[in-house]
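What follows is a set of notes on a single structure, which appears directly below.
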Amino acid sequence: MSEPDNKQRLAELDKKLAAFKAEQAAEEPHVEEHYSQASIAWRMVIELMVGLGIGFAIGYGLDELLGTDPWLMIVFTMLGLVAGFRVMMTTAAELQAEQALNDGADETNRDTGTDEEGDRNGG
């Protein structure tokens, strides 16, 4: 007596789960498209350290190869530092341009009186 009742309950549960999954799939997932300040800072630190490390490695390798002990290591470490700063500044400029573009789009939505939620919900 319990067996058909359980099968019916499982079928109903399966229908409810399918409806719930369809509803979840229909909704747009909430994805943050901006970076947190900490991740931006870490990215810039890593870019600087990679530049320094590559410059140091090239200088050290050339010093070992040519026998000019500290000089090429110092020169290439400084060049790596400059390259790291340059990459950091390029990244900062890209992020600033992206931020300005996003802020400009937000102002446009405010000026026209539309917002994304209102457009999706028909209002």
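We did not get these values from a lab; they are worked out from the coordinates using the rules stated. Because the structure is predicted, anything quoted here is derived from the model rather than measured. Backbone-built Cβ (ideal geometry, glycine too); neighbour counts: all protein chains shown.
Summary of computed values
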| item | result |
| --- | --- |
| Using alpha carbons only: equivalent-ellipsoid semi-axes of segment 47-95, gyration tensor based, whole Å | 26, 7, 5 |
| Cβ crowding within 10 Å averaged over residues, with 72-82, 92-102 ranked highest first | 72-82, 92-102 |
